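A quick write-up on the structure given underneath.
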Amino acid sequence: MKYFYMGVTAELESVADREAVEAIGDVMGREYGLPVRTVGLGPIDFAYDAGRGQWASIPVLENVLAQCPGDAAKILAVTTRDLFIPVLTFVFGQAQLGGRSAVVSLARLRQEFYHLPPDREIFLERAVKEALHESGHTLGLVHCADRACAMSLSTGVRQIDVKSASFCGPCAARARKAVNVI
Amino acid sequence: MKTHWQILVVDDEEVMCESLAAWLREDGYQVDTAMSGRDAVEKARQRDYAIYFIDLKMPGGMDGIETMMQVRTLHPEASIIIITAYATVDTAITAMKEGAQEYIVKPCNPEEISLLVSRIIKVKNLQRENTILRKKLARQYNFHDVISKNPRMQEVMALAHEISSLRSTVLIQGESGTGKEMVARAIHCAGDRASKPFVAVSCAALAETLLESELFGHEKGAFTGAAAQKRGKFELADSGTIFLDEIGDISSKLQCDLLRVLQERCFYRVGGNEEVHVDARVIAATHVNLQQAVADGKFRDDLYYRLNVIEIRIPPLRERREDVPLLARHFMERLGHELGKDVADFSEGALKVLMDYNWPGNVRELENAVERAMVTCRGRLLTEDDFAFLAHNGAKKPWSVPAGMSLQEMEKHLITATLQQTEGNIKEAAQILGIDRSTLYEKLKKYEIPR
């Protein structure tokens, strides 16, 4: 029996964070047709870059893979830390293309990050969309030209808000094919 | 399609290299990495990458600029993006001077890098499309692709090839559908003006004033509706070739203007006072006998001699029937791809029908006939039944009034023909002719037409 694992990093404490993990778990269970399990991943301080004040996503992803349970079809880690790769100022998440693990950051999905009043609904929607996007990469899906598809590239929250929390027809078909192989 | 394009990321720091590569792969590109300038040059030798991301500072005696220069000698068309963490104006200027397309400072915004790559790929897609279309066009108008085993036609093509690089004016004469424009394009494509524009104008399609403005352009306000200055076809064909089809149909005023262009190589735009100089090779074509038109006073003799520096006469298809099967098979093969029809060959009967037909519309008519037959055929072989419409076309000859007859003679012929059609039935013939039976009897008697 295979499971879809939600990896929760130690710093996830707020109610909103917990709600986001729950909402993401529901969508993943539906998309993958697999039972969802949660696993604690501990803190990710090892990835902290003091010069940038951010957390490097590659060591995080490696750590997630190292802690991936044997019965995991896929594992999606959720963190509140702001992630980056060296060449870019930030990333909303990162995934192994066609692999098992992915990580999504909630840091830039909150309205507060942009000095706006908190909005629970918008935050949860963004979290689900980005989680679906990163998990889609683990199924081998690449960025989609359809701006409404969850697999379209988002380099800012506006683009996340424009897209829907589902795949377009061709991406959904590719995702189903990949899920069937699991 | 993104997957066609390959990207090489060059950076001595593995994490930098791999993270950017992974990010670009998520965008659907095929990405390779190189950990040094030498490694990058080696990989560039083996593969043609569309975009290179090269880090400016790399150890080992080969920095980003040096790597870029070596890559550019191998692939001058490659787009190179220099990345650096230590931006200075000097390095940026050096990078751009040496041919970098962009210069980015890391860490950079994901949106910036995403837009940059998609902009470059968009240009590359257009460049590739352009190359493919150019190749297709060159193939389409290549002399080697002119299908004929007729000695006269081969002479025509040999002459056309010989004169392709000259500037001399060419006059192509031939019936409609013989391929005058195709020969003109082949001359253009084989000569040293091939990379310059080929501008075709049908002189018969436009009224005199419109044609004048079409050929020579006009100034703003030259006439009602001339809201802005417009360049004419002669200006558009500068350094290239202008093809003037149906030249025999132009008015005497335009003949005069054209003569001036051919003599002086300059003209005035409609409503303009400034002379415009052009270097366009003129290839003219006509389906009428220009020599006869000159003799009849309909075409200026001085213009005729100016145009007729090199004369090419394309024989009609009925005078080179040996080409009919060759051309028919060529069209079948080409149209098979276009129509998505798997038709293998012509039956012997079908070929006989094609060989016997007179082809008044020449090669164009043959092409259309093959297309029509292929659209309606059911099997893999085109038979004579598929070309039954040709017999119908042949029977329906256009009717023309026989000149030099009196009205009475005409009436006699008409009554005789109508009676033949009705097989001597007076009542029916009178109905067709729209007269009373008694009137018809009178006319039969008057013209002594036997019943």
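Only one of these is touching an Asp or Glu at 6+ places or on another chain (Cβ under 8 Å) and modelled with pLDDT under 95: A:ILE58, A:ILE85. Name it.
Of A:ILE58, A:ILE85, the one residue that is touching an Asp or Glu at 6+ places or on another chain (Cβ under 8 Å) and modelled with pLDDT under 95 is A:ILE58.
Sub-8 Å Cβ pairs linking a first residue in region A:142-163 that is within 10 Å of chain B (Cβ to nearest Cβ) to a second residue that is aromatic (Phe, Trp, Tyr), at least 6 apart or interchain, are A:CYS144/A:PHE167; A:MET151/A:PHE167; A:SER154/A:PHE92, ordered by first then second residue.
Mind counting the residues in region A:26-47 that are assigned to a helix (DSSP H, G or I) and under 14 Å from A:ALA102 (Cβ atoms)?
Total satisfying the criteria: 4.
Taking the numbered list (1) surrounded by fewer than 18 Cβ atoms within 10 Å (Cβ to Cβ); (2) within 19 Å of B:ILE242 (Cβ to Cβ); (3) aliphatic (A, V, I, L, M) in turn, B:ALA160 passes all entries but (1).
As a summary of the residue check, B:ASP12 satisfies the conditions (1) at pLDDT below 90; (2) more than 29 Å from B:ARG128 (Cα to Cα) except for the one numbered (1).
Scanning region A:112-140 for residues that are among the hydroxyl-bearing types (Ser, Thr, Tyr) and under 16 Å from A:MET6 (Cβ atoms) yields A:SER135, A:THR138. In region B:166-212, which residue that is small (Gly, Ala, Ser) and part of a strand (DSSP E or B) is surrounded by the fewest Cβ atoms within 10 Å (Cβ to Cβ)? This residue is B:SER202. Within region A:57-114, if we keep just the residues that are assigned to a helix (DSSP H, G or I), free of Cβ contacts under 8 Å to residues at least 40 places away in the same chain and more than 10 Å from every other protein chain (Cβ to nearest Cβ), the residue that is nearest to A:LEU34 (Cα to Cα) turns out to be A:LEU65.
Yes/no per residue for (1) within 30 Å of A:CYS171 (Cβ to Cβ); (2) more than 10 Å from chain A (Cβ to nearest Cβ); (3) surrounded by fewer than 17 Cβ atoms within 10 Å (Cβ to Cβ):
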{"residue": "B:ASP11", "(1), (2), (3)": "no, no, no"}
{"residue": "B:MET16", "(1), (2), (3)": "yes, no, no"}
{"residue": "B:LEU20", "(1), (2), (3)": "yes, no, no"}
{"residue": "B:GLY28", "(1), (2), (3)": "yes, no, no"}
{"residue": "B:GLY60", "(1), (2), (3)": "no, yes, yes"}
{"residue": "B:THR73", "(1), (2), (3)": "no, yes, yes"}
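Residue under question is B:VAL343, and the condition is that it be among the β-branched types (Val, Ile, Thr) and surrounded by fewer than 16 Cβ atoms within 10 Å (Cβ to Cβ); does it hold? No, not satisfied. Residues that are free of Cβ contacts under 8 Å to residues at least 40 places away in the same chain and under 18 Å from B:GLY177 (Cβ atoms) do not occur anywhere in region B:336-353. Filtered by the rule that a residue be over 21 Å from B:LEU20 (Cβ atoms), in contact with a helix residue (DSSP H, G or I) (Cβ under 8 Å, 6 or more places away or on another chain) and of a type in the set (Val, Ile, Thr), region B:72-118 gives a lone residue, B:THR94. Every test in (1) in a loop (DSSP other than H, G, I, E, B); (2) within 25 Å of A:PHE123 (Cβ to Cβ) is passed by A:HIS137 save one, and that test is (1). For A:ALA172, state whether it is closer than 19 Å to A:GLU22 by Cβ and either in contact with a strand residue (DSSP E or B) (Cβ under 9 Å, 6 or more places away or on another chain) or free of Cβ contacts under 8 Å to residues at least 12 places away in the same chain (or both). Here the answer is no, as A:ALA172 does not meet what is asked. Residues that are exposed (fewer than 12 other Cβ atoms within 10 Å of the Cβ) and either touching a Lys or Arg at 6+ places or on another chain (Cβ under 8 Å) or part of a helix (DSSP H, G or I) (or both) within region B:440-451 comprise just one, B:LYS445. Note on region A:15-45: residues that are surrounded by fewer than 12 Cβ atoms within 10 Å (Cβ to Cβ) and within 16 Å of A:SER105 (Cβ to Cβ) total 1. Give the residues of region B:100-153 that are at pLDDT 85 or above and among the β-branched types (Val, Ile, Thr), sorted by residue number. Scanning region B:100-153 gives B:ILE104, B:VAL105, B:ILE113, B:VAL117, B:ILE120, B:ILE121, B:VAL123.
What number goes with the only condition from (1) within 14 Å of chain B (Cβ to nearest Cβ); (2) in contact with a Phe, Trp or Tyr (Cβ under 6 Å, 6 or more places away or on another chain); (3) basic (Lys, Arg) that A:ARG174 does not pass? For A:ARG174, the failing item is (2). Would you check if there is a residue in region B:30-41 being away from every other protein chain (no Cβ under 14 Å) and in a loop (DSSP other than H, G, I, E, B)? Checked region B:30-41: at least one residue is away from every other protein chain (no Cβ under 14 Å) and in a loop (DSSP other than H, G, I, E, B).
For region B:44-53, the condition of being under 19 Å from A:VAL87 (Cβ atoms), within 13 Å of chain A (Cβ to nearest Cβ) and touching a His at 6+ places or on another chain (Cβ under 7 Å) holds for none of the residues. Filtering region B:109-124 to residues that are surrounded by 15 or more Cβ atoms within 10 Å (Cβ to Cβ), in contact with a Ser or Thr (Cβ under 7 Å, 6 or more places away or on another chain) and either part of a strand (DSSP E or B) or within 12 Å of chain A (Cβ to nearest Cβ) (or both) leaves B:PRO110, B:GLU111, B:SER114.
Considering B:LEU258, B:LEU262, B:LEU244, the condition of being within 15 Å of B:CYS203 (Cβ to Cβ) and touching a residue at least 60 places away in the same chain (Cβ under 8 Å) is satisfied by B:LEU262 alone. One residue alone among B:ILE93, B:ILE82, B:ILE104 is part of a strand (DSSP E or B), more than 21 Å from A:ALA56 (Cα to Cα) and either touching a residue at least 24 places away in the same chain (Cβ under 8 Å) or aliphatic (A, V, I, L, M) (or both), and that residue is B:ILE82.
The values are calculated or read from the model by the stated rules, or taken from the named source; none is laboratory data. Keep in mind the model is a prediction, meaning the values are calculated, not measured. Here the Cβ is made from the backbone with ideal geometry for all residues, glycine too, and neighbour counts use every protein chain on show.
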